[in-house]
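The values are calculated or read from the model by the stated rules, or taken from the named source; none is laboratory data. It should be emphasised that the depicted structure is a prediction, and the values quoted were computed from it without experimental measurement. Every residue, glycine among them, receives a Cβ derived from its backbone with ideal geometry; neighbour counts consider all protein chains shown. Please note that ligands, DNA and RNA were not included when accessible areas were found on the heavy atoms of the full protein model with its side chains. Shrake-Rupley method; radii C 1.70, N 1.55, O 1.52, S 1.80 Å.
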Amino acid sequence: MGVLDQIIQILKANNGYARTKDILAAGIHHYYLSKLVKKGKVEKVKRGMYRLTQSTIDYEIEEVHHLVPQGVVSMFSAWSYYELSDFVPPEHHIAIEKSKKVSLPDYPPIKLYYWSEKYWKMGITKVQIGDTAMHIYEKEKAVCDAIKFRNKIGKETEKEVLKNYLKSKDRNINQLLYYAELLRVEKRLKTYLNIML
């Protein structure tokens, strides 16, 4: 197997993606990676990150996961995933721990939220999207985020998210109240629940 084929195999083994350090760790000089880029077989996603031009990744959100592996799908992207909002955001909303530094490419468009470690790791769960296990906030945590950030997202969006959640068959009011207490929005949530339920 030639050096270029070895690089292709490394990329395929990682869902079409690889970092420069993965190639170097295999004992291959980065010159050969540049050669594949010139041939159009591999493209540079960002500094140190490459992907196969004919990537097996069909979902843009999967690409986001590879670009921000420690990110968590949040806010408008989470509400859209859970069908709590009709608004489809023009970018992917991803939360990361505030001490992390992430370099983003021009595409796909990503909006980052830098949250404290305590807030960032609260309520993370996994869902399968395509071939990738994505981190996303639990539905109830995502609803409480809408209440917490109502002044930034608008009160209409807050009400839409909560209203759609309360209509859902799998709603869990106890879990919702649990996150509301942790996020200090319990009083506001209870006011809504008294009106809507």
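For this structure, a couple of remarks:
- Cβ separations smaller than 6 Å between residues 6+ apart or across chains give the following pairs from the stretch 85-106 residues that are more than 19 Å from CYS144 (Cα to Cα) to residues that are open to solvent by 60 Å² or more (accessible area, probe 1.4 Å): GLU91/LYS111; LYS98/TYR114.
- In the stretch 59-85, of all residues being out of contact with any helix residue (DSSP H, G or I) (no Cβ under 8 Å at 6 or more places or on another chain) and not in a helix (DSSP H, G or I), the one that is modelled with the lowest pLDDT corresponds to TYR59.
- Conditions (1) buried (at least 17 other Cβ atoms within 10 Å of the Cβ); (2) among the charged types (D, E, K, R); (3) touching a Pro at 6+ places or on another chain (Cβ under 6 Å); number of the one not met by GLU62: (3)
- Filter result for LEU11 (part of a helix (DSSP H, G or I), open to solvent by less than 50 Å² (accessible area, probe 1.4 Å) and either modelled with pLDDT of 85 or more or not polar (S, T, N, Q) (or both)): yes
- Scan the stretch 180-197 for residues that are assigned to a helix (DSSP H, G or I) and aliphatic (A, V, I, L, M) and the total you get is 6.
- Number of the exception - VAL37 against (1) β-branched (Val, Ile, Thr); (2) surrounded by 15 or more Cβ atoms within 10 Å (Cβ to Cβ); (3) under 27 Å from LEU4 (Cβ atoms): (2)
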